[in-house]
Amino acid sequence: MMIRYLGLVLAIAGMLGVVVAGPAEAAGPVTVQLTPQSNSGESGTATLSEQGTKTKVVLAVTGQPAGVAQPVHIHKGTCAQLDPKPAYGLTTLTKGKSETTVDVPMTSLQAGGFAINGHKSAQDVKTYVFCGNIPAQ
């Protein structure tokens, strides 16, 4: 009886090992709400999608001044307290759109402590016009 029980336990453990060791499913897209800062009136979304070991970041922003290209970055920290040095540069926001694939896994960005922000212009990078915290997983 004990040998049968042990065999059953080992069989179940083997099945669980396959489940645990199986390939991880790709994470679904994550949407970050971008809210206005500095009374800019600019807001929108950033959609993060897993691309293997990289992350695709697509921004859609409304309220951007016409004809003004705006630098955007992923920073360490939160919107309330950003590290001023960008962790990852994103394609400049033009006509409310930006699309970039950054060389960092999405799981790393979702580990907590990252935010996406936009600057007023290349000449005025100290003025933040929108920001959104990347949610921790």
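Of the residues making up the range 60-71, not a single one is within 11 Å of Val104 (Cβ to Cβ), under 15 Å from the mean Cα position of the chain (by Cα) and at pLDDT 95 or above. I'd like to know if the range 107-129 contains one or more residues that are under 16 Å from the mean Cα position of the chain (by Cα), among the hydroxyl-bearing types (Ser, Thr, Tyr) and more than 15 Å from Leu34 (Cβ to Cβ). Yes: one or more hits.
Scanning the range 103-127 for residues that are crowded, with 19+ Cβ neighbours inside 10 Å and either of a type in the set (S, T, N, Q) or not in a loop (DSSP other than H, G, I, E, B) (or both) yields Met106, Leu109, Phe114, Ala115, Ile116, Asn117, Gly118, His119. For the range 64-88, a residue qualifies if it is small (Gly, Ala, Ser), outside any strand (DSSP E or B) and without any contact (Cβ under 8 Å) to a residue 40 or more places away in the chain, and the qualifying residues are Ala66, Gly67, Ala80. Scanning the range 90-100 for residues that are touching a residue at least 40 places away in the same chain (Cβ under 8 Å) and exposed (fewer than 15 other Cβ atoms within 10 Å of the Cβ) yields Gly96, Glu99.
The values are calculated or read from the model by the stated rules, or taken from the named source; none is laboratory data. Remember, predicted model here, so these are calculated numbers, not experimental data. Cβ: placed from backbone, ideal geometry, glycine included. Neighbour counts: every protein chain shown.
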